[in-house]
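Enquirer: Shown below is the structure under consideration.
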Amino acid sequence: MSAALHPTIALLQSNSLASVVQQEIERAILAGEYAPGSKLLEAALAEKMGVSRGPVREAFRVLDEAGLVRTEKNRGVFVRDIPMDEAIEIFDLRAAMDEWVGRRLAESITPPQLKELRGLVAAMTQAVKTHEAYEYHMLNLKFHDRLVEMTGNRKLTSIYRKFIKELSLFRRRNLAEGWLMPVSAGEHQKIVQAIATGDPQAAGRAMFDHVMESKERTIANDLRRQGVGLESIPITHPSD
């Protein structure tokens, strides 16, 4: 008969398992495997991952705090469908943060960091050529995350990542429209070029403009999906 686990060890094992489950559910949500508004079934996820319901329940709690799911009493857990007005607020906050990031990196970027960013932009350009929307989306997330991380400001990085997770579904819907990928990739090239010049104002403006243009594309795409005012919405083409 095996000895019972010490309560502290059992707690650590449970928390570790819940963390793994949480990361997997989060990955699936951000990858678009669960659409906004869809219900997440505790029992089904537990069976799929080969765990008990406890870790899944704890994962739901963490994801709720992160803003990726919402828990409704007596109804269950659902992938959040962020309303447009909230998305716009996040875009505006992100633009202000990104402007600071651009200014900071123009002053502090190192040659290895520039090489890494150029490599990511090259990979995104290749994904555009091969029409790999999912690959482009993941590289896009990594590119922006690394920009913030390279500033060395851990608090900003933590806050930024929360915002980005909440916006991720909106950004995926934008990039799913193939003609937008080369537009986005071109803006990334301009960001890296501006940072490389060492001009804080130019780098900050390049990052600020990228976020604000992404916001405008998101609003326009949402209106097009709703069939509202299609004739009045300007469409930017990759060649513009």
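Every number here is computed from the coordinates shown, using simple stated rules; none is lab data. Note that this is a predicted model, so its numbers are computed, not measured. A quick note on method: Cβ atoms are made from the backbone with ideal geometry, for glycine too, and the neighbour counts reach across all protein chains shown.
Enquirer: Roughly how many nanometres apart are two label points built 7 Å out from the Cα toward the Cβ at PHE163 and ARG75?
Expert: A separation of 2.9 nm, rounded to one decimal place.
Enquirer: Okay, moving on. Excluding residues on the same chain fewer than 8 positions from LYS115, give the aspartates and glutamates whose Cα lies under 19 Å from its Cα.
Expert: GLU107, ASP145, GLU149, GLU187, ASP199
Enquirer: Mark the label point 7 Å from the Cα of ARG61 along Cα→Cβ and return the residues of the range 18-52 whose backbone N is within less than 12 Å of it.
Expert: 18-19
Enquirer: Once you order the gyration tensor axes a ≥ b ≥ c over the Cα atoms, which shape class does the range 84-232 get: rounded for a/c under 1.5, otherwise prolate or oblate by comparing a/b with b/c?
Expert: Prolate shape, in that a/c is at least 1.5 and a/b is the bigger ratio.
Enquirer: Excluding residues fewer than 8 places away in the same chain, name every one of the lysines whose C-alpha is closer than 19 Å to that of LYS39.
Expert: Cross-link targets: LYS48, LYS73, LYS165.
Enquirer: Moving on to the next point. For a quick check: with amide H placed at 1.01 Å from N, whose amide H comes under 5 Å from LEU40's, ignoring anything fewer than 5 positions away on the same chain?
Expert: It is VAL77, PHE78, VAL79, by chain and number.
Enquirer: Given R₀ = 22 Å, what would the calculated FRET efficiency be for ARG154 paired with GLN23, taking r from the Cβ atoms and rounding to 0.05?
Expert: In this case the efficiency is close to 0.65.
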